[in-house]
1. By count of other Cβ within 10 Å, fewest leading, how are SER51, SER102, SER33, SER94 ordered?
2. Quick one: which residues, 5 or more positions from TYR70 or on another chain, have an amide H under 5 Å from its amide H? H modelled 1.01 Å from N in the peptide plane, none for Pro or chain starts.
3. Of all the Cα-Cα pairs you can form in the stretch 20-75, what percent are over 14 Å apart?
4. Please state, to two decimals, what the Cα-based radius of gyration of the stretch 1-48 comes to when divided by 2.2 N^0.38 Å (N = residues).
5. So how much slack lies between MET105 and ASN63, counting 0.36 nm per residue of separation and subtracting their Cα-Cα distance, in nm?
6. Can you put LEU83, LEU64, LEU47 in order of Cβ neighbours within 10 angstrom, beginning with the fewest?
7. Plugging the Kirkwood radius over Cα pairs into Stokes-Einstein for the stretch 1-141, at a temperature of 20 °C and a viscosity of 1.002 mPa s, what D comes out in µm²/s?
Amino acid sequence: MLKLFFVIFANFHRAPYIVPKMRYMADHPQKYSEAERYDMMRHCIDLMNKSGKITTEAYGLENLPETGGYIMYPNHQGKYDLLGIITTHDKVLSFVMDKQKSHTMLVREFVDLVQAKRLEKDNPRQGLTIINEVAKDVKNGKRYVLFPRVAISSIIRIKCRILKQEALRLH
């Protein structure tokens, strides 16, 4: 946690330039390609890694498909997991994130840059819509990172609500 505060403090002088630039790129996706926006996000992450003296090593990249879409499921969700995946992943990818956590400074810009999906945990309809959108995007060749805690908990809630509704109809 101390390292996180150190990285924030060390990059505080960059915020007045980088955050508005990221916001502009996210608000004008027709001007900037998906790859340009992804590169901007990777550039920001690289600056944070260098100032925090953080190095990331990736193993198993050769096991990822060269073409087509796929979903990666990390084994847990920490503060650095997604940033580490993006740092080591050259191809454009997006992610699914909890809507409440996605509205903080810098996170909002990252989410909007790669057009990530915001998942409301308490809304099963919206959860099914997001899951269907991700499935359609993956069929069209897009890559996603889906954290188990967000995805599995929302899917379980959706199925439980559907089962409760069906059980009430039977009586």
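1. Values: SER51 15, SER102 18, SER33 11, SER94 21.
Listed from fewest to most nearby Cβ atoms, that is SER33, SER51, SER102, SER94.
2. So TYR70 has HN proximity to ARG143, TYR144.
3. Working: 1079 of 1540 pairs.
Of all Cα-Cα distances in the stretch 20-75, 70 percent exceed 14 Å.
4. Working: Rg = 12.3 Å, N = 48, 2.2 N^0.38 = 9.6 Å.
That ratio works out to 1.28.
5. On the way: separation 42, 0.36 × 42 = 15.12 nm, distance 3.41 nm.
Contour length minus Cα-Cα distance gives 11.7 nm.
6. Working: LEU83 20, LEU64 12, LEU47 15.
Result, fewest neighbours first: LEU64, LEU47, LEU83.
7. On the way: Rh = 16.4 Å.
My calculation gives 131 µm²/s for D.
Laboratory data are not the source of any read-out in this text; all were calculated from the coordinates shown. The model shown is predicted, which means the values in this text are computed figures rather than measured ones. Counting neighbours? That spans all protein chains shown, and the Cβs are built from the backbone with ideal geometry, glycine included.
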